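Structure first, then comments.
Just so it is clear, none of the values below were taken in a lab; they were calculated from the coordinates. This one's a predicted model, so the numbers in the text were calculated from it and none came from an experiment. Cβ: placed from backbone, ideal geometry, glycine included. Neighbour counts: every protein chain shown.
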Amino acid sequence: MGICIVFTPENPRLYTLNSSAWLIMELCDGRSWRSLERSYFATIEPSRSREVARLELRRGIEDLIQQGVIELVEPA
């Protein structure tokens, strides 16, 4: 696996994402929370339990939002 470097233009910074954060960013493509969760679980199981994976996913999304890498968009 390579590395993922993300640039946030609104607050000019570079972030190097670990593999979990990179996966989460790639999965944040407008899909529903349930779809995001299913896809994340399908990719990382059985290396983590669902409880650990769910916590990791939530924290990862919170971190990416805080850094300005992704943004929460309400459904239309």
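LEU64 satisfies every condition listed in (1) touching an Asp or Glu at 6+ places or on another chain (Cβ under 8 Å); (2) in contact (Cβ under 8 Å) with a residue 40 or more places away in the chain except (1). For VAL6, the conditions (1) touching a strand residue (DSSP E or B) at 6+ places or on another chain (Cβ under 8 Å); (2) free of Cβ contacts under 8 Å to residues at least 40 places away in the same chain are fulfilled apart from (2).
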